[in-house]
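Before any comments, here is the structure.
The values are calculated or read from the model by the stated rules, or taken from the named source; none is laboratory data. If you're wondering where the values come from, they're calculated on a predicted model, not measured in any experiment. Neighbour counts run over all protein chains shown; Cβ positions are idealised from the backbone, glycine included. Just so you know, the surface numbers come from the protein's heavy atoms only, side chains and all, with ligands and any DNA or RNA stripped out. Shrake-Rupley method; radii C 1.70, N 1.55, O 1.52, S 1.80 Å.
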Amino acid sequence: KAGVTQTPRYLIKTRGQQVTLSCSPISGHRSVSWYQQTPGQGLQFLFEYFSETQRNKGNFPGRFSGRQFSNSRSEMNVSTLELGDSALYLCASRPRTGGPYNEQFFGPGTRLTVL
Amino acid sequence: TQLLEQSPQFLSIQEGENLTVYCNSSSVFSSLQWYRQEPGEGPVLLVTVVTGGEVKKLKRLTFQFGDARKDSSLHITAAQPGDTGLYLCAGANAGNNRKLIWGLGTSLAVNP
């Protein structure tokens, strides 16, 4: 079974630009979560989607948005990029939302650098 | 605000040594997960512990969940260079299992 895939793997943007990241979950998984990882803050939860609906949201500004398509693939968008948005963005999938343990299956991440 | 504190933050040891890393909180969790993240990759789930006092073994790795379900430890016996990586713990809140609370991780380097 193929794992979670994320594209692109690396991205360099300048302040003020916008960016779209893509995630394809494990086949059969319907829940997709997005995280931002930085050395100082660790993994910060952005949002979770299930059946094309946002089910949970972290404490990030409205510049961060996402969506999920009918095939469970997901995209996240960051508008008006700031230097502090430089991070590893991780996508994680699991079979369904809810469940007792919320175990995550992560992709390799997209390394975003904002200059 | 729930927090998970991991210690030590960094650890550099020689191949063959034993080590223990810790994950502590003042909050109770319904379950706790351990992940390992290698450079350039996403975290990979190692184990989930659920019951207070539970001990799980994965080859040379031993995971323990505290009796009160507020803390956990990971012990590695005879560490190997392949154990190198960032070890993360994540707690699931009994009231809201959809959102995990993450520690900052312990960065382990095992030198040959």
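Taking a temperature of 4 °C and a viscosity of 1.567 mPa s, what whole-number D in µm²/s does Stokes-Einstein yield for chain B with Rh from Kirkwood over alpha carbon pairs?
The estimated diffusion coefficient comes to 93 µm²/s.
R0 = 35 Å: FRET efficiency of B:Gln14 with A:Thr5, Cβ-based, nearest 0.05?
In this case the efficiency is close to 0.45.
Just the accessible area per residue of chain A, please: how many Å² with a 1.4 Å probe?
Heavy-atom accessible area per residue stands at 46 Å².
List the residues, sorted by chain then number, that are 5 or more residues from B:Lys99 or on another chain and whose placed amide H is less than 5 Å from its amide H.
The list, which skips near neighbours in sequence, is B:Asn93.
At A:Gln41 and B:Val28, where each label point lies 7 Å from the Cα along Cα→Cβ, what is the point-to-point distance in nanometres?
Each label point lies 7 Å from its Cα, and together they span 3.1 nm.
In whole percent, and with a 1.4 Å probe on the protein chains, what portion of the accessible area of chain A is carbon and sulfur?
Carbon with sulfur: 49 percent of the solvent-accessible area.
If you consider only alpha-carbon coordinates, what radius of gyration and Dmax does segment A:17-66 have, in Å?
For segment A:17-66, the Cα-based Rg and Dmax read 11.8, 34 Å.
FRET efficiency for B:Glu38 and A:Asn59, Cβ-Cβ distance as r, R0 = 30 Å, nearest 0.05?
0.60
Using a 1.4 Å probe and counting only protein heavy atoms, how much accessible surface gets buried when A and B come together, both sides summed, in Å² to the nearest 100?
1800
Calculate what fraction, in whole %, of the accessible area of chain B sits on carbon and sulfur atoms when a 1.4 Å probe is rolled over the protein chains.
That share works out to 49 percent.
Mind giving me the nanometre distance, one decimal, between the label points for B:Arg60 and A:Ser70, set 7 Å out from Cα along Cα→Cβ?
Each label point lies 7 Å from its Cα, and together they span 5.1 nm.
For the protein assembly as shown, divide the Cα radius of gyration by the Kirkwood radius and give the resulting Rg/Rh value with two decimals.
That ratio is 0.97, to two decimals.
Treating only the Cα positions of chain A as identical point scatterers, give the base-10 log of I(q)/I(0) from the Debye formula at each q in 0.24 Å⁻¹.
-1.45
Quick one: order B:Val110, B:Val28 from most to least accessible surface, probe 1.4 Å.
Ranked from most to least accessible, the order is B:Val28, B:Val110.
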